[in-house]
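Input: a single structure, listed below in structure tokens.
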Amino acid sequence: MALDGLFLSTVKDEIESIALNSRIDKIYEPSKEEIILVLRFKGGKAKLLLSASANSPRVHFTEMSPENPKSPPMFCMLMRKYLSTAKLIGVRQQGLDRILFLDFETVNELGDLTTITVVCEIMGRHSNIILVDSNSKIIDSIKRISEDMSSVRIVLPGVKYELPPAQQKLNPFTTDRDTMLSAFKNGKNTDFAKAILNVYEGVSPILARELAHRATGGLDLMKNEVSDYRFRCLFDLIDSVKEDILSGKVTFCTVLDNGKPRDFTLTDITQYGKLLSKKTYSAPSALLDEFYLERDRIERMKQRSADLLKLLANTTDRINRKLQAQSFELEQSENRETYKICGDLINSYQYMIKKGETSITVPNYYDENSADITIKLDPALSPAKNAQKYYSDYRKAKVAGKKLTELIEKEKAELLYLDSVFDALTRTTGESELLEIREELSEQGYLKNYRNKNKMLKPLPPITYESTDGFKILCGRNNKQNDKLTLKTAKNYDMWLHTQKIAGSHVIIVSDGKEISDTAIEQAAMIAAFNSNARESAQVPVDYCLARYVKKPVGAKPGMVIFTDYHTCFVTPDADKVNALIKE
């Protein structure tokens, strides 16, 4: 799933064709490892995303508009200082390394023209975004690397920028066939796809497998089993990829596993046959933008909500431990009838009890089929007081059973509530949604001494969809919004939907005085399933009823309701179908 040097070269070409000589209009840092440069040029604007995330490092144009923090981070402020209104004059790549250099012409503090370079290093967990001046000195980087962190290369302000250590691999576009064949012949005997990966610069694992698959006709061969004819097929394939890049006829392809993007490269992917589906794009940025969209959203919100996730995890763990202890106590209390039987039998057979006895075995007349029962006695107590002790234990167990049942129901309800908060948290898309969840947890007593430092951020409205036959569908973003949507916004004859016994959003179909169609109900049910804990599942049960039948119990937590007169349908969430219904 790596963005390799070959793919990066097509991104470089795309940036040059669209944004060369453009000027920086705005700079944002939506998360601690991402920068967005808004480039303004004749005819429009484009957002260039630079990511140094270990999970998804990359550079490409994006259509996303992630919510930015209220106060810009220090690195963002530094970039604004040096690059505001700067002009993009060059885009360079070091061979087929995964390093892209963006050269910007700007005016320094003395009023002289100078060049500032943004270096984007796309190298997994070692990825970085580095600001370099015209003398190749590092101004700063999004990740500082000190001597304690690396003995290979230091990345700190004031240090001269040096390229990462080069890999001893061949550029498939500039190396002659004899040299490439010799490199293969002299290499270790390993799987052919791995041999391609070891020899060529700028090739990802999926592209290496694809080249091996096509060159060998789908055979699983070791390198030493590959004939010269197969090597010529490989070199022809490399030439074909090169020609596609030069002519601008690249097929950017993603393979999908059950609708989820799994991997990508810059040529048609045939190695999986019919096991996986495919999707093609006309531009590299379009592919990357869609491929990383959901993953980036989750990662970005994980960073911003780490404290809440920890709070929910700890609270849930504590409640589960209490539930386990209470369930054990309840199980023990269910034996309380035995205490009453023992008391009754002691009273009936007290004439048989001798002073100082520690137990007595008597017939159990409560059960004709049972053998005699042995009852423990306190030798310091009289028979009557021994009986009273068993009656006292019976009454305690009876009260405890009632209280424990109530407590267990309460703890289970709290777990359901926390699960709903966690579900809403995993689906947040911005700071304002996160703020609503923080306020909700504060109101419910989970967050102590919480103060809203972002009062300027206004809550987002419910997500608005429209069915294919014209019905407006509203979906709550969190528990507080669910309550407002269901209990205040919805009218009596609107339709209410929610996943059955699964945490998720409340969904409302606005009837607007019309009879709600089966199509609208089916599509709203899919929206409810998609906006729930079951978004990755199939055949998700969704309950639906008229909003008039939904009530909120007194004292219930946010998002908790009861409903009657409902029906249930089963749907399988589909991201593409749901997103197509979103109404901007």
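The values are calculated or read from the model by the stated rules, or taken from the named source; none is laboratory data. Every value quoted in this text rests on a predicted model; they were computed, and no experiment measured them. Quick reminder, even Gly has a Cβ in these numbers, built from the backbone with ideal geometry, and neighbours come from all protein chains shown. Ligands, DNA and RNA are excluded from the accessible area calculation, which covers all protein heavy atoms including side chains. Shrake-Rupley method; radii C 1.70, N 1.55, O 1.52, S 1.80 Å.
Taking one quarter of the surface of the convex hull spanned by the alpha-carbon atoms of region 1-117 gives a direction-averaged projected area of 7.9 nm². Entry note, the chain: the mean residue ellipticity at 222 nm calculated from DSSP H runs of n ≥ 4, each adding -39500 (n - 2.57), is -12500 deg cm²/dmol after division by the residues and rounding to the nearest 500. Put Lys488, Lys279, Lys185 in order of accessible area, highest first, and with a 1.4 Å probe you get Lys488, Lys185, Lys279.
Take region 191-309, drop everything but the C-alpha atoms, weight them equally and run the Debye formula without solvent; then report log10 I(q)/I(0) at 0.13 Å⁻¹ to two decimals. Here log10 of I(q) over I(0) equals -0.61. The gain in end-to-end length when the Asn258 to Glu409 segment is fully stretched comes to 50.6 nm, 0.36 nm per residue minus the alpha carbon separation. Dimensions of region 322-387 along the principal axes, based on C-alpha atoms and rounded to the nearest Å, stand at 44, 32, 14, largest first.
Just the projected area, averaged over all directions, of the convex hull on the alpha carbon atoms of region 132-232: how many nm²?
8.9 nm²
Across the protein chains, with a 1.4 Å probe defining accessible surface, the residues His213, His567, His60 rank His567, His213, His60 from largest area downward. The portion of the accessible surface of the chain made up by carbon and sulfur, rounded to a whole percent, is 50 (1.4 Å probe; DNA, RNA and ligands excluded).
Taking 25 Å as the straight-line reach from the Cα of Lys376, the lysines in range (excluding those fewer than 8 positions away in the same chain) are Lys340, Lys354, Lys355, Lys385, Lys389, Lys396, Lys398.
Between Tyr366 and Arg321, the FRET efficiency from the beta-carbon distance, with R0 = 45 Å, is close to 0.75. The mean of 1/r over all distinct Cα pairs in the chain, once inverted, gives the Kirkwood hydrodynamic radius of 29.5 Å.
Can you list the HN-Hα couplings for region 201-215, worked out from phi with the Karplus curve (6.51, -1.76, 1.60; θ = phi - 60°), rounded to whole Hz and with x for Gly and Pro? The phi angles translate into 7, x, 10, 8, x, 5, 5, 4, 5, 5, 4, 5, 4, 6, 5 Hz. Taking the longest Cα principal axis of the chain as reference, the axis of helix 284-304 is set at about 40 degrees.
Farthest towards the positive end of the charge dipole of region 62-117, among the residues Pro72, Leu88, Phe104, is the Cα of Pro72, using unit charges on the Cβ of Lys, Arg, Asp and Glu.
Expressed as a rounded percentage, what relative contact order does the chain have, with Cα pairs under 8 Å and six or more residues apart? Please report the intermediate quantities before stating the final value.
Numbers: 996 pairs, mean separation 47.2, N = 584.
Relative contact order here is 8 percent.
Computed over protein heavy atoms with a 1.4 Å probe, the accessible surface of the chain works out to 53 Å² per residue.
Taking 8 Å as the Cα distance limit and 6 or more residues as the minimum spacing, I'd like the relative contact order of region 315-375 as a percentage. Taking the mean separation of contacting Cα pairs over the length of region 315-375, I get 21 percent.
Highest mean packing comes first when the peptides 295-305, 520-530, 326-336 are listed by Cβ atoms within 10 Å, giving 520-530, 295-305, 326-336. Near the amide H of Val540, within less than 5 Å, lie the amide hydrogens of Val571, Thr572, all on another chain or at least 5 residues away, with H placed in the peptide plane. Here the Karplus relation 6.51 cos²θ - 1.76 cosθ + 1.60, evaluated at θ = phi - 60°, turns the backbone of region 218-232 into coupling constants of x, 7, 8, 10, 7, 4, 6, 8, 7, 7, 4, 4, 5, 5, 5 Hz, with x for every Gly and Pro.
Only the Cβ atoms of Lys and Arg (+1) and of Asp and Glu (-1) were treated as charged; on that basis the dipole of region 275-365 about its Cα centre amounts to roughly 240 debye. Along the axis of the charge dipole computed for the chain (Cβ charges of +1 for Lys and Arg, -1 for Asp and Glu, origin at the Cα centre), the listed residues Ile582, Ser146, Ser432 are led at the positive end by Ser432. Over region 229-370, Cα pairs under 8 Å with separation of 6+ residues give a relative contact order of 13 percent. In region 491-547, a dipole from Cβ-located charges (positive for Lys and Arg, negative for Asp and Glu) runs towards its positive end, and of Cys545, Gly513, Ser532 it is Ser532 whose Cα lies farthest in that direction.
Legend: residues Ser31, Ser442, sorted from most to least accessible area (1.4 Å probe; ligands, DNA and RNA excluded), read Ser442, Ser31.
The calculated FRET efficiency for the pair Leu156 and Ser442, based on their C-beta separation and a Förster distance of 41 Å, comes to about 0.55.
Here, region 327-452 has an Rg and a Dmax of 25.8, 78 Å when only alpha carbons are counted. When only the Cβ of Lys, Arg, Asp and Glu is charged (+1, +1, -1, -1), the dipole of the chain relative to its Cα centre reaches about 1680 debye. For the residue pairs Lys87/Lys249; Lys322/Lys410; Lys70/Lys310; Lys32/Lys87; Lys480/Lys557; Lys488/Lys514, alpha carbon separations beyond 18 Å are given by Lys87/Lys249; Lys70/Lys310; Lys32/Lys87; Lys488/Lys514. Judged by the mean number of other Cβ atoms found within 10 Å, the most tightly packed of the peptides 19-29, 245-255 leads the ranking 19-29, 245-255. Net charge dipole, region 85-170: roughly 380 debye, given to the nearest 20, about the Cα centre with Cβ charges of +1 for Lys and Arg and -1 for Asp and Glu.
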